[in-house]
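Reading through the structure tokens given below for one structure.
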Amino acid sequence: MATEASGTQSIERAAQLLVRVVESARAPSIGELSERAGLPKSTTSRLVAALERQGLVQRLGDRGRLRPGPVLLRYAARDTAATLVELAAPSLRRLAEASGETIHLAVPGPDGVEHLAQEDTAHFVGVTDWVGRRVPFELAANGKCFLAFGGASRLTPELRAVRARGYATSVDEIEVGLTALAAPVLAQSGDAIAALSISGPTSRLTSERIAQLAPLLVEEARALAERLGHTDHDHARGAA
């Protein structure tokens, strides 16, 4: 009986932690989750690890903050992904016309950046289909947006710079000769739920060209957030 009671208590505690992760306005860390639940940090860490193994929660980046896991996201996103792609389509077209480069819509996945939609470049050089491909968060411009806006437990100098200016860059990091810049699509909590990016050959996307395109990219990401119903996120930009 004692073993059964102990098992029931563990299930209840794990369920309590899962509910707190799902309902938190900002993705919590293990320490924050432990404090809110009134549980020892070691117990919280053990239960969260069990939830992670079942795909019910996930962490972005090394020792990152906790978010609903792929199992819950797949359930919630059965229609959400299609809606997001549909709402983002005007932004992708405008950015493609303005830049002449390849435009992507991406979301954070359990193992890296997941690309949902693409608007192709007007050039012959630079056309690659990224839809369905995953890229490590740390290497991709859109991945850096996810880390800077809610996904990392500690902000590096680079991620602080991303938050300060509102967009990220990746120059010759995924592969030599490929450059990208990305801006986060922010939820009301200030976390990035998606990202828009412009990518192309480094020879075309020079630092001067990036500076020219960045304001338009940031504005389109903000407009997409508004179309999704998220408007209260100005406080997130420039936050430490």
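The values are calculated or read from the model by the stated rules, or taken from the named source; none is laboratory data. None of these values were measured; they are calculated from a predicted model. Cβ coordinates were reconstructed from backbone atoms using ideal geometry, including for glycine residues, and neighbour counts include every protein chain displayed. Remember, those area values only see protein heavy atoms, side chains included, never the ligands or the DNA or RNA. Shrake-Rupley method; radii C 1.70, N 1.55, O 1.52, S 1.80 Å.
What percentage of the solvent-accessible surface of the chain, computed with a 1.4 Å probe over protein heavy atoms, is contributed by carbon and sulfur atoms?
Details: 6270 of 11880 Å².
Carbon-and-sulfur percentage of accessible area, whole number: 53.
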Quiz prompt | Under 5 Å, built H, 5+ apart or other chain: amide partners of Thr102 | solution = Thr121, Ser199
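Using a 10 Å cut-off on Cβ atoms, rank the peptides 40-46, 15-21, 180-186 from the highest mean neighbour count down. Spell out each step's value before the answer.
On the way: 40-46: 13.7, 15-21: 17.6, 180-186: 29.3.
By packing density, highest mean first, the sequence is 180-186, 15-21, 40-46.
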Quiz item: How large is ³J(HN,Hα) for each residue in the range 201-213, as worked out from phi by the Karplus curve 6.51 cos²θ - 1.76 cosθ + 1.60 (θ = phi - 60°), to whole Hz, x for Gly and Pro?
Solution: x, 4, 5, 9, 8, 6, 4, 5, 5, 4, 4, 6, 7
Practice problem: Please report the relative contact order for the chain, taking Cα pairs under 8 Å with a sequence separation of at least 6, and give it as a percent rounded to a whole number. | Solution: 16 percent
Quiz item: Taking H as built 1.01 Å from N, whose amide H comes closer than 5 Å to the amide H of Val113, not counting residues under 5 places away?
Solution: Val135, Phe137
Self-check item: Built amide H within the under 5 Å cut-off of Gln58, gap 5+
Solution: Arg67, Gly69
Quiz prompt | Contour minus Cα-Cα distance for Ala89 and Arg26 (0.36 nm per residue) | solution = 19.9 nm
Exercise. Please give the calculated 222 nm ellipticity per residue for the chain, where each DSSP H segment of at least 4 residues contributes -39500 (n - 2.57) and the sum is spread over every residue; nearest 500 deg cm²/dmol?
Key: -14000 deg cm²/dmol
